[in-house]
Every structure is written in C-alpha cells, then in structure tokens.
Amino acid sequence: MNCKKLFVCYLLLQVCCSLLFAQKNFVVKANEIKATIQPTMWGVFFEDINLGADGGIYAELVKNRSFEFKKPMMGWRVLGLTKTEGDFQVLNRQIANTANPRYMHVTLSNAKRDIGLTNEGFRGMGIKKDLGYDFSFIYRNKTEGIKVHIEIVSSKGTLIGKTVIETTNTGNEWKKITTSLNATETDLKSHLNIWFEGNGNIDLDMVSLFPQDTWKQRPGGMRADMVQLLADMKPGFIRFPGGCIVEGYDLSERYQWKNTIGPIEERQLIINRWNTEIANRPTLDYFQTFGLGFFEYFQLAEDIGAEPLPILNCGMACQFNSSELVPIEGLNPYVKDALDLIEFANADSSTFWGKVRASLGHPAPFHLKMLGIGNENWGPQYVERLQIFTKEIKSKYPDMKLVYSSGTDADGERFNYLNTTLRKMNADIIDEHYYRRPEWFLANAKRYDNYPKDGSKVFGGEYAAQSDHTVSVNNKNTWLTALSEAAFMTGLERNADVVSMASYAPLFAHVDGWQWTPDLIWVNNLQSYGTPDYYVQKLFSTNKGSKVVPITLNNDAVTGQDSLYATAAIDEVENELIIKMVNASVKQQSHIISLEGIKSNAIKGKMIVLKSDHLYSMNSFEHPNNIAPQESEIEIKGKKIALNLSPFSLSVFRIKIK
Ligand code: AHR
C-alpha cells in the first residue's frame, strides 16, 4: 500500500474513532441499591509457591536449617580442611524424634576456627546495613569450651557481621542458644559461615538466622515489607495454604495443619509440591518448613483485618498428579482435622484445641467463619467426600460457611457437573478459577449477569490474565493483563449479590526462585514491589464500598461498549459514591456522568487513575511505580462529572453524597 492510501486509511480510522467515541451520557442512580458488597469481597490467596513462604515472607535466612531436606547437606558446605573423613556427620535420631530426626554431629580436634560450615541461604541471604540479626541453634555438647564463631559474609567476600558463642557442657540435653549481631553493610546475596574452635564433639540442629525487623518485630516472624504490601490492600480475607499444596502430589505430601503449629523444631517439614511440578522451573531445594504455620496464618489475618479462609484436604491428592484417594471408610481423620481446626480457631480453653491455641499465646478466638473443603478437586469422588465433610461440620457448626471447589476451569464438562451438583447441594460458596488470556477477561465482564442471585455464592478464588498461556514461563505482569482483570472485576462487583469474594493468584514470587507466572507481588531477598495487577487489586479493595448502585449507558450496564467497563457503589461509612471505570481502548474518551439520587452539592471529588500508554509496560525493582495510582481532584458541576478517561486506564472516582 502506498503512502497516500495509508493516509486515507488513517483518516478513515480517525473518523470511525470519533464516531465510535462520540460523547456519551452515563447515569448513576446513587439511591437505587442493587446489591450488598460483602466485606470479604476482595481478598488475597496465599500459597507457598514461588518461594512465597520459605525463602519469602517467612524471614528465616538459613536454608535447610535442620538438615531434613531430602539431601541432608543441601544448602550447606563444609569449610576448611577436616582432619578426618567424617568430622561432620548428619546423624538420624529416628524414633527418638520423628518430626526432626536429623542433626549435625561435629568432631573437633584442636580446631582453631579452621573448620566449619557455610550456608548459602535461599538464593543468598538479604542483609541490611545497621540491622540486628538473631542467630540461634540448638546444641548438645559433653565438653566445655567449644566456641562457635558466626560470620555473615557478603557476596563480595567481605565480613559484614560477626559474633561468637561459647558453648557449655549440656550433657545429653539439647539447649537453645540465641545471640545477635549487627550488619555493617547491605548485600542481596550474603552467606553464613560457622567456624569451630576447641576439642570434642558438638551436635547442632535448627541453625537459624533472622532479621530483627520482622512484621511487628516478632522473633522468628515474617518479612515486614511483604506483609505491609498485603496490609495496604486491606484484604477482606486470606485464603491459605493453597492451592495444590493442600492436595499434595500424593496424600503423604498433603498439607496437614496440625503439623504446622507449636515449637518450630517439632514442625515436621515436607517437600513442597512445586519442587518439581513445573518442568521448566525445577526448584529442587523447595521444602515446607511451616515456620509460617496455621497459628501464624490466623495471627496474620487478624493483624491485617482479614477473615481467615483455610482450605483443607478433602481426602484427595492432586488430580493432575497421583489422583490418590482416601477410601470413604478412611475419611474420618480428614474430617476430624476440619472439626479440630474449627475448635482450634474458635473454641475456648476448656476444649483440647482451644487450650492449644491459648498455650501458643492467643487465648481469644480467631473467629473463623469459613472453611474450604478441597482445592481444585472434581468428579463424583469429590462430591461423595464433600457430602460427608458437610454433614459432619454442619451438624456441629451450622453457621460455618463451607467453600466447595468447582474444579480447575470456569467452564467445560467438569465445571458444569460440579456447578450443577454443588448448587443442588445448597453449597454456601463455590470457588471458580480462571487463568485465561486478557481477551477472556475483557469478554467476561458479563459472566455473572445471568447467574442465579439466590442460593450458592461465587468465590473467584484464583484468577490472573495470562499474557502467554497458563503455566507458560513467559507470562508477564503487563498493564494489559492488569487492565483486563480490572474490566472483569467491574463485573464481579456489579454482581455482588452473586459473587461474594475474589482473589488473584498466585500472590508472591521470588525473582530467583519462582515456578509460576504471572504473580501479584515480586520480591528479591531485600525488596518487593507490586505489579500493575497488584495496584488494580488494591484500588478495587480500598475503594470497595458497601452497596452496588447502577451505572448505565442507555439503560444498560457498562460491560464493554466502546471498550468501557464500569461499576458504582456507595460507601455507607464514608457517605461517598465510588465509580470505577475502565477504558480499554487506545483513545482518550470524554463523556459525562450524571449523578442522580445524591443529596450533597459537592463541587469537588477525588479521582484515582492507574494508566499506561503502553499495554506491555510493567513495574520492576528499578521502577516499582512505573504504573501506580495517581490521585487528583475532579469537578462536579450541576451533578455532572465531565469524564476524561485516558487511553488504557482504570479510573476511580469518589464523591461525597451527603
Ligand atoms: O496458583 C497456582 C495454582 O493454580 C494453584 O496452586 C492451583 O490451585 C491452581 O492450579
């Protein structure tokens, strides 16, 4: 095509666009309540995937601290020249300590800080200048005078922190010793050296290094920057712990909450099923130590004002893997785990599990109101097991809301079977998952418009637009993925009488240890940043409102006409009208919103915009706010807002109504 023809085409396109985007009048009826938005509406889903817990939010810096990984020395190396083969031995106590059988047995003959151990951390250890670090281990020693020298060494080989521990004779007893040290430099990938001095034997276990700036300064706690990003979202709930890790590759590797509470050295680790799950991203050093266990989970939910939503295994292992099933007659322990968890969360200390919770430092209940049975399970075998769980749980706890899975996909035979069957069972909440292309999200803003409004509610438990395809390692968190999710989410909010909850997935990913993309928040050993998808979630959650009101164009909901999507809600606490609009077109769009049913004569309001001219823009450690919300004032004249919607943008308007 020659230049002249091209120019004519361009002009025609412009004409079409101007016709297409002729000024429109949107109408909001602020006094016409359509639905109640549940306080739980926007939440987060935490799974230990992508080094989300171990190597991520759980701030432990020592990898394989108890030598319990499949390869006992994974993460460790012996330093210096040992005098005899076998000066460092990993011994196994077996039945004397089934939860934590292995430990390191060190033989020293006149050692002068010339032999030792080094730990590489999880892709190195992130160390901050001037921050205090708690080093600890448990040890056993029948000799006096063995000294243990602790060093933090930077990636450049510089000594940036040190301390020394003088051990005493403990006989046959294991003793915990903790000391602290200060770091003199910041470094992303340091490591830990432990040098020995003296004679005799020393046994070591639970070798640990924690930063002191954990969330709420809890010793052995969580990375504050990562928790803060969650807290900033003001999530309505936290779904935990999965995800496929609930199911396990087989049932022996399923998640069992009772193994995740109590003294840390008694929490028996298991392999993380993401260890080898994604062929292109094997993570052979990925185990679950459960430092972030069920007590910490409930505490985290309480800290950030989110409802807990635990997911429990339903007697079925992952159906993509072994599909192992517990026979119905063997289901009782699984059901008991569910009943016991409710007792652990809610009962007083006159009960067994209530007393356990109190003994862990939380006598008050955690007010658990919802429980998920199964993750992505399907088929009649799932329904059969669900029925048993439901009968047992509801007969003891009739008010407990149960979340059922609708399988792995949001349509197809498996989904249709479950969706129909679970609704017939009067499911409280049905969990739907959608990992689809951005086009699907844009096309599905109306998905819930025709769902039944009575009966079972929908939980969009896992969703993320895939820039490539599901489980592709090429997926990116682009502005296009985020914008398409925003368009879809207007449909979730508009149908708040159908959809009671939703959460993006997965939540966290470590740049050096991920298996699955895209992810909401990316971290390295020291920093974390929210993706554009994160800011979409945050904007929806922090501008949720409590009642849906209509926003229409020619009396129709705004579900993609001229690439525009919208939802409106009243915030009854703040007495504000909140309008969210997505412009998924390449053009600036200038329209009018007429505000009906508002009492105030406000002439100013607030506008928060998330936008980028480039659909493939992303955030990064270098530019964490490349795409981030920008706030400004808007004018309201005669109860009308003159809209100026930037190309490819999500805009949130807040206007006083009284
Ligand atoms: O979010 C990653 C995985 O996707 C979850 O573990 C699983 O439920 C889904 O298949």
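Scan the stretch 271-290 and give yes if some residue there is part of a loop (DSSP other than H, G, I, E, B), surrounded by 17 or more Cβ atoms within 10 Å (Cβ to Cβ), away from the ligand (no atom under 16 Å from the Cβ) and hydroxyl-bearing (Ser, Thr, Tyr), otherwise no.
Yes, the stretch 271-290 contains a residue that is part of a loop (DSSP other than H, G, I, E, B), surrounded by 17 or more Cβ atoms within 10 Å (Cβ to Cβ), away from the ligand (no atom under 16 Å from the Cβ) and hydroxyl-bearing (Ser, Thr, Tyr).
Filter the stretch 380-416 down to residues that are away from the ligand (no atom under 16 Å from the Cβ) and either closer than 27 Å to Ser322 by Cα or not small (Gly, Ala, Ser) (or both), then give me how many there are.
Counting residues in the stretch 380-416 that are away from the ligand (no atom under 16 Å from the Cβ) and either closer than 27 Å to Ser322 by Cα or not small (Gly, Ala, Ser) (or both) gives 23.
So which residues in the stretch 623-642 are surrounded by 15 or more Cβ atoms within 10 Å (Cβ to Cβ) and over 13 Å from Ile655 (Cα atoms), if there are any at all?
Pro624, Asn626, Ile627, Ala628, Pro629
Can you find a residue in the stretch 539-560 that is buried (at least 24 other Cβ atoms within 10 Å of the Cβ), assigned to a loop (DSSP other than H, G, I, E, B) and not aliphatic (A, V, I, L, M)?
yes
Can you pull out every residue in the stretch 329-373 that is more than 16 Å from the ligand (Cβ to nearest atom), within 22 Å of Gly242 (Cβ to Cβ), of a type in the set (A, V, I, L, M, F, W, C) and outside any helix (DSSP H, G or I)?
Leu331, Phe366, Leu368, Met370, Leu371
How many of the residues making up the stretch 556-587 are more than 27 Å from Gln466 (Cβ to Cβ), in contact (Cβ under 8 Å) with a residue 60 or more places away in the chain and not charged (D, E, K, R)?
Qualifying residue count, the stretch 556-587: 7.
Could you list, in sequence order, the residues of the stretch 417-465 that are in contact (Cβ under 8 Å) with a residue 40 or more places away in the chain, within 15 Å of the ligand (Cβ to nearest atom) and not aromatic (Phe, Trp, Tyr)?
Passing the criteria: Leu418, Asp431, His433, Gly460, Gly461, Glu462, Ala464, Ala465.
Do we find a residue being within 16 Å of the ligand (Cβ to nearest atom) and in contact with a Gly (Cβ under 8 Å, 6 or more places away or on another chain) anywhere in the stretch 248-269?
The answer is yes; a qualifying residue exists.
Mind checking which residues of the stretch 313-328 are away from the ligand (no atom under 14 Å from the Cβ) and either not assigned by TED's automatic domain parsing to the domain that holds Leu251 or not in a loop (DSSP other than H, G, I, E, B) (or both)?
Hits for the stretch 313-328 are Leu325, Ile328.
With the checklist (1) closer than 19 Å to Met425 by Cα; (2) crowded, with 19+ Cβ neighbours inside 10 Å; (3) not small (Gly, Ala, Ser) in hand, flag the one item Trp353 doesn't pass.
(1)
What number of residues in the stretch 227-247 are away from the ligand (no atom under 11 Å from the Cβ) and touching a Lys or Arg at 6+ places or on another chain (Cβ under 7 Å)?
So the answer is 2.
Which is touching a strand residue (DSSP E or B) at 6+ places or on another chain (Cβ under 9 Å), crowded, with 18+ Cβ neighbours inside 10 Å and at negative phi, of Val403, Val335?
That would be Val403, the only listed residue that is touching a strand residue (DSSP E or B) at 6+ places or on another chain (Cβ under 9 Å), crowded, with 18+ Cβ neighbours inside 10 Å and at negative phi.
Which pairs turn up if I take residues in the stretch 592-610 that are part of a loop (DSSP other than H, G, I, E, B) and look for partners that are at pLDDT below 90 with beta carbon separation below 7 Å, at least 6 apart in sequence or on another chain?
Lys599/Lys658; Ser600/Lys658
Can you tell me which condition Ser649 does not meet? The list is (1) closer than 22 Å to Ala486 by Cα; (2) surrounded by fewer than 21 Cβ atoms within 10 Å (Cβ to Cβ); (3) among the small types (Gly, Ala, Ser), and all the others hold.
Among (1) closer than 22 Å to Ala486 by Cα; (2) surrounded by fewer than 21 Cβ atoms within 10 Å (Cβ to Cβ); (3) among the small types (Gly, Ala, Ser), the lone unmet condition for Ser649 is (2).
The values are calculated or read from the model by the stated rules, or taken from the named source; none is laboratory data. Treat the numbers as computed from the prediction; the structure is a model and nothing was measured. Cβ: placed from backbone, ideal geometry, glycine included. Neighbour counts: every protein chain shown.
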